[in-house]
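K.L.:
Please read through the structure below; I'll follow up with questions.
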Amino acid sequence: MTIPIVEGRALNAQQKKDLLNRLARVEGQLRGVQKLIALADAPSDCDAVAQQMAAARKALDRSFVQLLTTSIVNQTGNAADLDEAKKSAAHLAALLDKFA
């Protein structure tokens, strides 16, 4: 399934494409984790599940950082004036504080 990419002010089309590709890889990792869990037999299989869960979590965290960094650059760089840039930066800093 291909999701149409809309050009916008928050992220440009290439940034959206990069982020969507990164999330598709995370989705694949999570499918792999589900398969590992379904096939787990020996106690040592939990090690592989834990390792893959940690990798997926790190990849998702990296996606979050990519979203915020590109948003900071775009939204402050495209601001009409310094006050708008400061408001955008403050809003994105609050998101970072709230969700990171």
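The values are calculated or read from the model by the stated rules, or taken from the named source; none is laboratory data. What you see is a predicted model, and the numbers here were worked out from it, not measured in a lab. Cβ sites come from the backbone with ideal geometry, for glycine too, and all protein chains shown count toward neighbours. Ligands, DNA and RNA are stripped out before the accessible areas are found, and what is left, the full protein with its side chains, is counted by its heavy atoms. Shrake-Rupley method; radii C 1.70, N 1.55, O 1.52, S 1.80 Å.
K.L.:
Looking at segment 38-59, which of its residues are open to solvent by 90 Å² or more (accessible area, probe 1.4 Å) and in a helix (DSSP H, G or I)?
P.N.:
We begin by selecting, within segment 38-59, every residue open to solvent by 90 Å² or more (accessible area, probe 1.4 Å); these are 39, 41, 43, 47, 51, 53, 57-58.
LEU39, ASP47, GLN51, MET53, ARG57, LYS58, listed by residue number.
K.L.:
So LEU19 fits all but one of (1) part of a helix (DSSP H, G or I); (2) open to solvent by 80 Å² or more (accessible area, probe 1.4 Å); what number is the exception?
P.N.:
It fails just one condition, (2).
K.L.:
If you go through segment 51-75 one residue at a time, how many are more than 12 Å from the chain's Cα centre (by Cα) and farther than 12 Å from ALA10 by Cβ?
P.N.:
Selection size over segment 51-75: 5.
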